[in-house]
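Taking it in order: structure first as structure tokens, then the write-up.
Since every read-out is calculated from the coordinates, none of them should be taken as a lab result. Only a predicted model underlies this, so the values are computations on that prediction, with no experimental measurement involved. Note that we place each Cβ from the backbone using ideal geometry, even for glycine, and neighbour counts take in every protein chain shown.
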Amino acid sequence: MPFTVKALQKASADEPFKVVEIERRDPRADDVVIDIKAAGVCHSDIHTVRNEWGQAHFPLAVGHEIAGVVSAVGEGVTKYQVGDRVGVGCLVNSCGECEQCRNHQEQACLNGNVGTYNSTDVDGTITQGGYSQKVVVNENFVCRIPDSLDFDVAAPLLCAGITTYSPLANWNVHEGQNVAVLGLGGLGHMGVQIAVAMGANVTVLSRTTNKEAYAKELGASRLLATSEPDFFTNHRGEFDFILNTVAAQHDLNPFLNLLRRDGTLTLVGAPEHDHPSPQVFNLIMKRRRIAGSLIGGIAETQEMLDFCGQHGITSDIELIPMQQINEAYERMLKSDVKYRFVVDIDSLRV
Ligand code: NAP
Ligand code: ZN
């Protein structure tokens, strides 16, 4: 039987989040039901509900950094049992048959995957995300959270963790390399820790020096402020790899010039308005590359969770009750968060 749970939903871009009841589907044979304990607040949630990526399907509950406990399983489920500690990220389904899905790249499904929220599900309903008490998900889109990681600090790994791990792993970041992480927010603070654990010498590029002590606590060797005079000339040609997590439109040209010959600038930030196209000469003269990366596949998400478990990598969070969600969004728009808000889902039970 379908059942109802409490969730934080927005009825439109201009209205605040409100606690409402939403329906979750009758679990299918291959579904697990998850009691959500914690849900991270990703900047993508904000882009979505502000209609910055196109008109959202309201009423909508967002949240795709989900951590919790399996509370029921369908009769065909083989991977999970009641009581298992699990997480769900940005995807809840994909075709399973195309070249990308067969290659464990469900995020790139050629037939259109189903996002955890604001997506049209296989039954035609609009998916509702993790700012809610429970979610029903196909077992193939569920990952196991290592026992050593608490739910609240593990939840952001399901998006911020995999979005930074995947490009760092796929561009083979390793010891001896100079890696820069541009933007020290939710994604950035995960990217620094992961790149350090991969052995790289990591520099944080931030707008100001305000976060310098924190960057070093995360393992970065230094923080450089991009607003400093002559910054872009003083540091040209220094980096093998730059991970660009910035959530706003900007000129990529100066950042390209920070790359060594053969260096790569990988974009993961997904701003409302595209960056202007960079100049050809900044690419061809030093054989530099610009690339993009979208979250990661489910198998790679599990690999990232295990990597974080082994290295003791977690998100630095501000745990908030649901009553503070509207204020949290306002603060995040001012980059006033250290470094990820996570909603304590128990606060929805009252
Ligand atoms: P966030 O916590 O808000 O962090 C973004 C950081 O970007 C800020 O901390 C800030 O760093 C910098 N920044 C913000 N506004 C800026 C501006 N106007 N100019 C220059 N720098 C600015 O956001 P997030 O959750 O990490 O998400 C970052 C972006 O990645 C968003 O666009 C999000 O939608 C996207 N995203 C993409 C994927 C993917 O799969 N590709 C997955 C998740 C999220 P400093 O204060 O250090 O300068
Ligand atoms: Zn996200």
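What to note about this one:
- Structure-based [θ]222 nm, the chain - -39500 (n - 2.57) summed over DSSP H runs of at least 4, per residue, nearest 500: -6000 deg cm²/dmol
- Antiparallel bridge percentage (DSSP; both residues within the chain; nearest 5): 55 percent
- Site pair Ser71 and Phe58 shows an inter-label distance of 2.9 nm when each label is modelled 7 Å from Cα along Cα→Cβ.
- Applying 0.36 nm per residue to the separation of Arg25 and Leu333 and subtracting their alpha-carbon distance, the gain on full extension is 107.5 nm.
- Shape category assigned to the stretch 222-269 from the gyration tensor of Cα positions, a/c cut at 1.5: oblate
- When both bridge partners sit in the stretch 27-118, DSSP labels roughly 95% of those beta bridges antiparallel.
- Per DSSP, loop GluC sites (Glu not before Pro) in the stretch 175-264 with at most 13 further Cβ within 10 Å: Glu175
- Net +/- balance of residues flanking Asp274 in space, Cβ distance below 14 Å, scoring K and R +1, D and E -1: -3
- Spin-label model distance (nm) - Leu294 vs Asp150, 7 Å beyond Cα toward Cβ: 3.5 nm
- Gyration tensor verdict on the stretch 1-113 (Cα atoms; rounded if a/c is under 1.5, prolate if a/b is larger than b/c, oblate otherwise): oblate
- The stretch 236-250 and the stretch 160-202: distance between their alpha carbon centers, rounded to Å: 12 Å
- The stretch 193-235: C-alpha gyration tensor shape, a/c 1.5 cut-off, then a/b vs b/c: oblate
- Links that overshoot a 20 Å alpha carbon limit, given the list Lys211/Lys334; Lys10/Lys134; Lys18/Lys134; Lys37/Lys211; Lys216/Lys338; Lys211/Lys338: Lys37/Lys211
- Ile284 paired with Val122, simple spin-label distance in nm, labels 7 Å along Cα-to-beta-carbon: 4.8 nm
- Each Lys or Arg adds one and each Asp or Glu takes one away; over the other residues whose Cβ falls under 14 Å from the Cβ of Arg222, this sums to -2.
- Full extension of the segment from Arg222 to Glu99, taken as 0.36 nm per residue of separation minus the current Cα-Cα distance, would add 40.1 nm.
- Taking amide H as placed 1.01 Å from N in the peptide plane, the amide H of Ile242 sits under 5 Å from that of Ala180, Thr264, Leu265, Thr266, each at least 5 places away or on another chain.
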